[in-house]
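Q: My questions all concern the structure below.
The values are calculated or read from the model by the stated rules, or taken from the named source; none is laboratory data. For clarity, every value in this text was computed on a predicted model and none was experimentally measured. No Cβ is skipped: glycine too gets one built from the backbone with ideal geometry, and neighbour counts run over all protein chains shown.
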Amino acid sequence: MSKNLNFGSTQSLDRQARPQKTVLVVEPGENLCDQIAATFPDWNIERTESNLGALALLEARPFDLVVTGENTSGAADVELLRKIRKVRAHVRLVIITGKSTPSDVIASMREGAFSYFSTPFSPVAFSDMIRLAAEGPCWDDGLEVISATSDWIQLGVRCDKGSADRLLQFFHEIAELPEPEKSDVAIGFRELLLNAIEHGGHFDPTQFVAISYLRARHAVICRIKDPGEGFSLEEIKHAAIANPPDDPLRHQAYRDAANMRSGGFGVLIARSLVDELIYGERGNDVLLIKYLNTGSLRSNNDQSGAPNAARHKAS
């Protein structure tokens, strides 16, 4: 029997025209299912209680998205992802966990997890990431891990905003910093990364921005190198950093004339939040440096640079 359609509702017709998204949630209870269903009521959501059950279902049929629950550790979910890759090579998986280390996050990036959240996390950020995972374009090569330890990570990020959003969430999980340093570094890093993707990479998905994150004892250093030809800070009249003191909004006139979006405050914001912002000669290579208070330093259990066994998550 055919389904009854409400021809008076454009929204109903639009839902019928789009393929229904299928999501597999791995959790003993229904909290995560309810959260996803509340935001995406048209999606087909199925639940299984264990990683073993998830693997059996994925062997039987494909899903658009898999979301793990907080009852399993990050390490266990990464192992699940490795097994899933053998039967569903391109499945998009978002890890939710209550037990995590930076090494788990790095391993998830290597294995191609779409995103990673450790509890507690922002429901809004989670919903935005779930939507991107289910509805976004091809993502397989959006992030490339070149070299990584918990203290020194080098990777490439594709020049599109979706890949940038994914990287920023991974960065949030990896960076073991106290507040307010963690927020300052995250905001400054975000502004410079988006500048690099927009102005250096021109949102060209064939281009990549090179990223390095170095966690030293007394400082955090982020390096962002875009594929563009570079610039001089004195020449970028469309950016707020170039405004004279007596005309703090002059850059907007240049942006309007060039039909650019509103904004231009990225470099200014980053410079106000970190201790040093150092540009290379061409201007397409920048170091973000944030010094840490002595009292907020982490304690290492050995001299190898390995992460602590227990992770103390910043509030």
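Q: Just to verify a result, which residue in region 1-53, among those that are in contact with a Leu (Cβ under 8 Å, 6 or more places away or on another chain) and part of a helix (DSSP H, G or I), is modelled with the highest pLDDT?
A: Restricting to residues being in contact with a Leu (Cβ under 8 Å, 6 or more places away or on another chain) and part of a helix (DSSP H, G or I), the top hit is ASN51.
Q: Quick check: anything in region 94-101 assigned by TED's automatic domain parsing to the domain that holds ARG223 and assigned to a loop (DSSP other than H, G, I, E, B)?
A: No, because not a single residue in region 94-101 is assigned by TED's automatic domain parsing to the domain that holds ARG223 and assigned to a loop (DSSP other than H, G, I, E, B).
Q: Could you give every pair whose Cβ atoms fall below 9 Å, whose first residue belongs to region 261-277 and is at positive phi, and whose second residue is at pLDDT below 85 and among the β-branched types (Val, Ile, Thr), counting only separations of at least 6 or pairs across chains?
A: Close Cβ pairs satisfying both conditions: GLY264/ILE236; GLY264/ILE241.
Q: Quick one: which residue in VAL67, VAL105, VAL87, VAL91 is of a type in the set (Val, Ile, Thr) and either in the same structural domain as GLU176 (by TED's automatic domain parsing) or under 26 Å from ARG215 (Cβ atoms) (or both)?
A: Checking each option against the conditions leaves just VAL105.
Q: Of all residues in region 255-306 being part of a helix (DSSP H, G or I) and modelled with pLDDT of 80 or more, which is surrounded by the most Cβ atoms within 10 Å (Cβ to Cβ)?
A: ALA270
Q: From the list GLY156, GLY200, GLY230, pick out the single residue that is touching a residue at least 60 places away in the same chain (Cβ under 8 Å) and under 21 Å from ASN284 (Cβ atoms).
A: GLY200
Q: Let me ask you something else. I need a count of the residues in region 26-70 that are among the charged types (D, E, K, R) and in contact with a Lys or Arg (Cβ under 6 Å, 6 or more places away or on another chain).
A: 2
Q: Tell me which helices (runs of 4 or more DSSP H) are completely within region 117-231 and hold 1 or more residues being surrounded by 15 or more Cβ atoms within 10 Å (Cβ to Cβ), modelled with pLDDT of 90 or more and not assigned by TED's automatic domain parsing to the domain that holds TYR291, or say none if there are none.
A: 123-135
Q: Right, another one. Out of THR101, THR68, THR39, which single residue is within 29 Å of ILE146 (Cα to Cα), touching a residue at least 60 places away in the same chain (Cβ under 8 Å) and of a type in the set (S, T, N, Q)? Reasoning before the result, please.
A: On the way: THR68 fails: touching a residue at least 60 places away in the same chain (Cβ under 8 Å); THR39 fails: within 29 Å of ILE146 (Cα to Cα).
Every option except THR101 fails the conditions.
Q: Considering only residues that are touching a Gly at 6+ places or on another chain (Cβ under 9 Å) and either aliphatic (A, V, I, L, M) or at negative phi (or both), which ones fall in region 199-214?
A: The first filter runs over region 199-214 and keeps only residues touching a Gly at 6+ places or on another chain (Cβ under 9 Å), leaving 199-202, 205, 207-211.
Passing the criteria: HIS199, GLY200, GLY201, PRO205, GLN207, PHE208, VAL209, ALA210, ILE211.
Q: Residue by residue through region 135-158, note down the ones that are in contact with a Pro (Cβ under 6 Å, 6 or more places away or on another chain) and of a type outside the set (Ser, Thr, Tyr).
A: Matches in region 135-158: ARG158 only.
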